Amino acid sequence: MNKYPPDSNFQTDGHNRLVENQQALNFHSNSLLIPIEINSQDKSVGLFVFDNLSLPVGGQKHFVDITGSPFSPELAGAKVFYGKILPSMQKNYEYALHKLADSIDRCDKSIHSDETSLWALRIADRMGLSLEQIKEIKLAAKLHDIGKAIVPKAILIKPGPLTSEEWEIIRRHPTYSATLMEPAKSLDTLRPIVQAHHEHYNGRGYPNGLSGKNIPLGARIISVADAFSTMTIRRVYRKPISIADAKKELVRCSGTQFDPQVVSIMLDILSIT
Ligand SMILES: [Fe+2]
Ligand SMILES: [Fe+2]
């Protein structure tokens, strides 16, 4: 019996394996394929089918194309899970989300998630936060953009200005990131941080227009780390600017986009590195 819903592109054969065809490997439904086990050669040996009806119909369609994940026909059907994630799979799922973050970096040929994570850790450490908070913020920073897996690649790497429709899709990515983290209960406390990483201190950010201290501290930290990384590393769609110019931009947006206290800590760190 086929255990996938009729509107899914996933079909099973007589052995309950995913059918190997291009249609199955492309992503055309409100589901998401995620590699859940990575072997020593860094190859996926399992797939997690994430079913989320809240994903938009017009959202990401070609997961393989977007992430560049090394899916190959022989992997399809190695192991397929559908439905609720089991507690024993939580760690694998968390690991899969790391791999998703790496895949998105590969998509625009950057190391943005690791860079953001590193700067966020340095800021949190210098602010004297607890080890627990520092670990949470570091992990949230690593995963902050995983929701971009649901944004079409053409928009993600577009060099020119985005249309208002494209912006509307981009602005959903923090919510998508938080949604993708839902199955991993160990990440529950990180989700509000990730969801708020594009909120602005003056309330003019997205997705919820939070302002000031209503934005979780972790998100205010990641916002500065994220912006600094975005400005200073090469992306396929944008040239980097100098560290001096990036510092000026942080100062210019302190109190409007960024928490002034976080900017001042970041400038401190940059002055000694
Ligand atoms: Fe983002
Ligand atoms: Fe980012």
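Comparison of 146, 155, 170, 134 shows that the only residue that is touching a residue at least 40 places away in the same chain (Cβ under 8 Å) and either within 14 Å of ligand 2 (Cβ to nearest atom) or touching a helix residue (DSSP H, G or I) at 6+ places or on another chain (Cβ under 6 Å) (or both) is 146. When 190, 139, 180 are checked against the criterion of being free of Cβ contacts under 8 Å to residues at least 60 places away in the same chain, within 16 Å of ligand 2 (Cβ to nearest atom) and more than 24 Å from residue 270 (Cβ to Cβ), a single residue qualifies: 190. Scanning the stretch 139-164 for residues that are more than 15 Å from ligand 1 (Cβ to nearest atom) and at pLDDT 90 or above yields 139, 163, 164.
Looking at 104, 134, just one residue is within 13 Å of ligand 1 (Cβ to nearest atom), assigned by the TED database to the domain that holds residue 228 and of a type in the set (Val, Ile, Thr), and that residue is 104. Among the residues making up the stretch 104-126, those that are away from ligand 2 (no atom under 14 Å from the Cβ) and crowded, with 22+ Cβ neighbours inside 10 Å are 123, 124.
The values are calculated or read from the model by the stated rules, or taken from the named source; none is laboratory data. What you see is a predicted model, and the numbers here were worked out from it, not measured in a lab. With ideal geometry, Cβ positions are generated from the backbone for all residues, glycine too; neighbour counts draw on all protein chains shown.
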